[in-house]
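As structure tokens, the structure follows; a few thoughts come after it.
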Amino acid sequence: MTPPPGWYRDPDAPHQERWWDGRAWTEHRRAPGAPGQPSVSPPAGARPSRAKAVALVAAGAVLVAAVVTGAVLLDRDDTDGGPADTAGGTPSAPPTSAPATTGSPSPASSADEPTAPDDDPSVAVDQLNGITLPLPEGWEKPENVAQDDVVMTTHGVYDCPAGVGFCRHGLVITRTASAAEGASPETLAKRDIDDATDEAYEQNVIGQRLYGGITSQRTVASGQVAVAGRAGYFVRRLVRTAKGPGGYVESLVFPSSTGIQAPVLVRFVFDAGPDGPPLADMDRITKGIRPVGDAASSGGVGSSIGPSS
């Protein structure tokens, strides 16, 4: 299926023709249409006889007809970089197609293509509120989670301390905070922490007391915090339960960077004890919150607090 010896358009210099000896390109070149063959003859045994040349011409004509009627494509030899046959060419005339190349370009790898936020394994995404949250080690995107608005969980489940259902050692929940016009992040966080604590460790949304109920709770930290360069506020509580080690609950509120800058509420629920996630993960996740599409945005614990609008 290799084209016969002849002058063809040079794949490396399309303004010239180059001699193809039937197996590989030679170093002989000429201006298009110049008479004669190369001054150095092909190696002995490689020169076709006149009868063979006629036969090759006839074969070329048959192949041309097959290309026109049957769309037959002749592959060139990729190793030697040989010319490809075309519908309008013969062994003695330059092909009319674009010059052959020495290799096909490789398809772009997936690593060269931009990654959509939802497909990025290193972050959780809340498209509604326009934020991404980093996934620390030991955390994953939610699977088979019945509770609404959960954006990440710790790996695996365990039997709840009260013997009812299955629990997880850590949850992070995001939603748009319900707020009266003009309510500050501080007001909203202080208002939410009671509901967040009750839903996490007292009684869940379907009426189950997974930890036997709350026996005591106290605020262990609160204050202003910058989230993606915006002024937010958090309240964190330590909760003791009738069964199990209890846990920590935090309500974090900050203005969204999208739309009308509605307040974003992030709830953290971490089991206490050796099986719970590191409490420092709350700060790591807060510090890593970014607007969708803005990985370079500043913000987080210890950052200067930016304007709220």
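The values are calculated or read from the model by the stated rules, or taken from the named source; none is laboratory data. Source: prediction; values computed, not measured. Heads up, the Cβs are rebuilt from the backbone with ideal geometry, glycines too, and the neighbour counts pull from every protein chain shown.
Assorted remarks:
- Options T241, T197; residue that is touching a residue at least 24 places away in the same chain (Cβ under 8 Å) and over 27 Å from P185 (Cβ atoms): T241
- Subset of the range 178-200 that is among the hydrophobic types (A, V, I, L, M, F, W, C) and over 30 Å from G244 (Cα atoms) - its residue that is surrounded by the fewest Cβ atoms within 10 Å (Cβ to Cβ): A180
- G232 assigned to a strand (DSSP E or B) and touching a Phe, Trp or Tyr at 6+ places or on another chain (Cβ under 7 Å): yes
- Some residue of the range 127-136 being in contact (Cβ under 8 Å) with a residue 12 or more places away in the chain, assigned by TED's automatic domain parsing to the domain that holds T286 and more than 34 Å from the chain's Cα centre (by Cα): no
- A single entry from V253, V205, V164 fulfils the requirement of being in contact (Cβ under 8 Å) with a residue 24 or more places away in the chain, under 27 Å from Q127 (Cβ atoms) and in a loop (DSSP other than H, G, I, E, B): V205.
- Residue in the range 258-293 that is nearest to N129 (Cα to Cα), counting only those that are modelled with pLDDT of 95 or more, in contact with a Leu (Cβ under 6 Å, 6 or more places away or on another chain) and part of a strand (DSSP E or B): V266
Conditions tested, residue by residue: (1) modelled with pLDDT under 95; (2) part of a strand (DSSP E or B); (3) closer than 18 Å to I289 by Cα.
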{"site": "N144", "(1), (2), (3)": "yes, no, no"}
{"site": "R175", "(1), (2), (3)": "yes, yes, yes"}
{"site": "S216", "(1), (2), (3)": "no, yes, no"}
{"site": "A221", "(1), (2), (3)": "no, yes, no"}
